[in-house]
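Encoded as structure tokens, the structure appears first; notes follow it.
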Amino acid sequence: MTDCLFCRMVAGEIPADVVHETERIFAFRDINPQAPTHVLVIPKEHHPTAAALAAADPTLLGEVVAAAHAVALQEGLATGDGAEPGYRLVTNTGPQAGQTVHHVHLHVLGGRPMGWPPG
Ligand code: 5GP
Ligand code: ZN
């Protein structure tokens, strides 16, 4: 029994609107979407931050990024031979960035124009 929300979603203890899954990756819609497409892509294994995952298993970090692109393709945010109309990947680390769940996740955001800087 873990108190990590995303580990509990991977385990099926908390429901998730799953859009993509592999042996090592899990992707589901954010409960509080900030764009028409807002999907969270996570490794099933628990790592607290992107940097921790990069240090522990860089191959798995690459799989998370590849899965995010697979989601973007599926959602019509990218095409097989290009990146149109496009999407944004965000990973928050620490309180000032707004990290609230300490299981590394990529936010896949798209479906509307996004400003820069993000604010
Ligand atoms: P963070 O702020 O850590 O970068 O992102 C955590 C994200 O998890 C937030 O966008 C938040 O809306 C989402 N979230 C929090 N609780 C749940 C939940 O129970 N289900 C889903 N699908 N998303 C959640
Ligand atoms: Zn976890």
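Those helices (runs of 4 or more DSSP H) of segment 4-119 in which at least 2 residues are of a type outside the set (Gly, Ala, Ser), considering only elements entirely within it, cover 5-10, 58-74. Restricting Ala72, Ala27, Ala11, Ala52 to residues that are among the small types (Gly, Ala, Ser), within 13 Å of ligand 2 (Cβ to nearest atom) and in contact (Cβ under 8 Å) with a residue 24 or more places away in the chain narrows the list to Ala52. Just one of the numbered conditions (1) buried (at least 18 other Cβ atoms within 10 Å of the Cβ); (2) more than 15 Å from ligand 1 (Cβ to nearest atom) is not true of Thr37: (2). Taking the criterion of being among the basic types (Lys, Arg) and farther than 25 Å from Leu77 by Cα, the only residue of segment 1-44 that qualifies is Arg8. Are any of the residues in segment 95-115 among the small types (Gly, Ala, Ser) and touching a His at 6+ places or on another chain (Cβ under 9 Å)? There is at least one residue in segment 95-115 that is among the small types (Gly, Ala, Ser) and touching a His at 6+ places or on another chain (Cβ under 9 Å).
Identify, please: which residue in segment 66-94 is within 16 Å of ligand 1 (Cβ to nearest atom) and β-branched (Val, Ile, Thr) and is, among those, farthest from Gly119 (Cα to Cα)? Among residues in segment 66-94 that are within 16 Å of ligand 1 (Cβ to nearest atom) and β-branched (Val, Ile, Thr), the one farthest from Gly119 (Cα to Cα) is Val71. Could you check, for segment 73-96, whether at least one of its residues is surrounded by 13 or more Cβ atoms within 10 Å (Cβ to Cβ), hydrophobic (A, V, I, L, M, F, W, C) and under 16 Å from Phe6 (Cα atoms)? For segment 73-96, residues surrounded by 13 or more Cβ atoms within 10 Å (Cβ to Cβ), hydrophobic (A, V, I, L, M, F, W, C) and under 16 Å from Phe6 (Cα atoms): absent. Filtering segment 71-85 to residues that are of a type in the set (A, V, I, L, M, F, W, C) and farther than 20 Å from His47 by Cβ leaves Ala72, Leu73, Leu77, Ala78, Ala83.
Just so you know, all these numbers are worked out from the coordinates, no wet-lab data involved. Note that this is a predicted model, so its numbers are computed, not measured. All Cβ positions, even for glycine, are placed from backbone atoms using ideal geometry, and neighbour counts span all protein chains on display.
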